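A short write-up of the structure that comes next.
The values are calculated or read from the model by the stated rules, or taken from the named source; none is laboratory data. Small disclaimer: the values here were computed from a predicted structure and weren't measured. Don't worry about glycine lacking a Cβ; one is built from the backbone with ideal geometry, like all the others, and counts go over all protein chains shown. These accessible areas exclude ligands, DNA and RNA; they are computed on the full protein's heavy atoms, side chains included. Shrake-Rupley method; radii C 1.70, N 1.55, O 1.52, S 1.80 Å.
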Amino acid sequence: MSVDANTMLVIAGMAVATYLTRVAGLWLLQLANVEGRARSAMDALPPAVLMAVIAPTVLATGVAETLAAGITVLAAFRLPLLVSVVIGVASVVVLRALTG
Amino acid sequence: MGIRAQEFSAGAIAILPVLVATMPIALLFGALAVAKGLSPLEVWLMSATVYAGALQFVAIDQWADPAPLGLLVFTALVVNVRHVLMGASIGRSMAGFSGPARYAAMFVLTDEGWAFAERRVRSGNLTPAYYFGIGVSMWLSWTLFSLLGAIIGRGLGYPSTYGFNFAFSAVFICILVGFWSDWRTGAVLLASGGVSALVYLAVPGAWYILAGAFAGVGVAAILHAETGNQNPDGVMPS
């Protein structure tokens, strides 16, 4: 197994940059005043980020993905997570075959 | 079993479906990276230290000999800037973590691990053991299977990720459903999802997550102002 010097440097650079994005949130937290309106905004952060991450797949990829996302939502209101995920994946495979 | 061991296994078991969905993706990453000229040891080092799936695929796509340092470091910042939001959010629930534990926790922060940790915050108490049960098993799985993909390499061909890519969206949808509280959640999701999808279609790169998140958070702040008189203590009902 070989390790190239430039490759090592690039991997180290990407590792440091990535870790900086991960700890920056902690530092930001110490600056932020989490009362009142800022508190409401921070409380909305987890669902807002989750939604923003999946929106391109759910809304802008294809009919199959959008429909499968709807089926997953319905499943998730009643069923355990793992079952809902299996239903979601199965429906996207079937719907892709039907609409593709 | 001690309480810590129990919490650790609870985290590892909760994240198991994600590990299953990640395995073929890690194998694929290893195989693609080797095809671009990296050695299996270099593949393992990248997975172990960078440890960011989306970035690693983008980096391998842009890989050349010699690899462009400035471009890839800049790409790492852009692709991973969503971690700033996730870290700031989960950091609020880490009162029980020591200082060093927080910094270690941020090293293993991933989209899926973060989502499961936030889910635990909603339903109970996020302990360090539970968090690292998620984080350590995800790190082990990602590093092990990307190394394996690098070793089997070309023999693997181009494994199909058919259906697997949607598994992550499905996991996120399930966790999202758990965050539903009232119509305000709907307004936040509408703003976040709509802006994210539009920016995704209009702007190249990974800016859509930031744009969507800020739209959602902005709506939450505006709705708070409207109900401010009924809520003088400033806590949004949930």
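Quick look at the numbers
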{"quantity": "Scope segment B:40-50; condition buried (at least 23 other Cβ atoms within 10 Å of the Cβ) and more than 7 Å from chain A (Cβ to nearest Cβ); matching residues", "calculated": "B:Val43, B:Ser47"}
{"quantity": "Top-ranked residue in segment B:31-86 [being polar (S, T, N, Q) and within 14 Å of B:Gly205 (Cβ to Cβ); ranked as modelled with the highest pLDDT]", "calculated": "B:Asn80"}
{"quantity": "In segment B:7-30, residue modelled with the highest pLDDT [restricted to those that are closer than 13 Å to B:Phe57 by Cβ and under 16 Å from the mean Cα position of the chain (by Cα)]", "calculated": "B:Ala26"}
{"quantity": "Matching entry among B:Gly37, B:Gly2, B:Gly70 (being at positive phi and open to solvent by 40 Å² or more (accessible area, probe 1.4 Å))", "calculated": "B:Gly37"}
{"quantity": "Where a residue in segment B:163-180 is more than 7 Å from every other protein chain (Cβ to nearest Cβ) and its partner, wherever it lies, is in a helix (DSSP H, G or I) and open to solvent by 20 Å² or more (accessible area, probe 1.4 Å), with Cβ under 6 Å and at least six apart", "calculated": "B:Phe164/B:Pro24; B:Gly178/B:Arg119; B:Gly178/B:Arg122"}
{"quantity": "Residues satisfying the stated conditions in segment A:42-73, i.e. open to solvent by less than 30 Å² (accessible area, probe 1.4 Å) and of a type in the set (S, T, N, Q)", "calculated": "A:Thr72"}
{"quantity": "Hey, A:Met14 open to solvent by 10 Å² or more (accessible area, probe 1.4 Å) and either without any contact (Cβ under 8 Å) to a residue 24 or more places away in the chain or at the interface with chain B (Cβ under 7 Å from one of its Cβ atoms) (or both) or not", "calculated": "no"}
{"quantity": "Members of segment A:74-92 that are open to solvent by 50 Å² or more (accessible area, probe 1.4 Å) and at the interface with another protein chain (Cβ under 7 Å from one of its Cβ atoms)", "calculated": "A:Phe77, A:Leu82"}
{"quantity": "Residue count, segment A:17-41 (criterion: within 7 Å of chain B (Cβ to nearest Cβ), open to solvent by 50 Å² or more (accessible area, probe 1.4 Å) and of a type outside the set (A, V, I, L, M, F, W, C))", "calculated": "4"}
{"quantity": "Residues (surrounded by 20 or more Cβ atoms within 10 Å (Cβ to Cβ) and facing chain A (nearest Cβ under 8 Å)) located in segment B:51-67", "calculated": "B:Tyr51, B:Ala52, B:Leu55, B:Ala59, B:Ala67"}
{"quantity": "Lone unmet requirement of (1) part of a helix (DSSP H, G or I); (2) surrounded by fewer than 17 Cβ atoms within 10 Å (Cβ to Cβ); (3) without any contact (Cβ under 8 Å) to a residue 24 or more places away in the chain for B:Ser9", "calculated": "(3)"}
{"quantity": "Residues (under 18 Å from the mean Cα position of the chain (by Cα), among the small types (Gly, Ala, Ser) and at pLDDT below 85) located in segment B:192-233", "calculated": "B:Gly205, B:Ala206"}
{"quantity": "Selection within segment B:182-204 - part of a loop (DSSP other than H, G, I, E, B) and either in contact with a Cys (Cβ under 6 Å, 6 or more places away or on another chain) or open to solvent by 50 Å² or more (accessible area, probe 1.4 Å) (or both)", "calculated": "B:Val203, B:Pro204"}
{"quantity": "First in segment B:104-122 and among the polar types (S, T, N, Q), second anywhere and open to solvent by 10 Å² or more (accessible area, probe 1.4 Å), Cβ under 7 Å, 6 or more apart", "calculated": "B:Thr110/B:Met138"}
{"quantity": "Helices (runs of 4 or more DSSP H) (entirely within segment B:73-173) containing at least 3 residues that are open to solvent by less than 10 Å² (accessible area, probe 1.4 Å) and either assigned by TED's automatic domain parsing to the domain that holds B:Leu45 or among the polar types (S, T, N, Q) (or both)", "calculated": "B:82-91, B:111-123, B:128-152"}
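For every residue, the table says whether it meets (1) modelled with pLDDT of 90 or more; (2) among the β-branched types (Val, Ile, Thr).
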site	(1), (2)
A:Ala24	yes, no
A:Glu35	no, no
A:Thr66	yes, yes
A:Val73	yes, yes
A:Ala76	yes, no
A:Leu79	yes, no
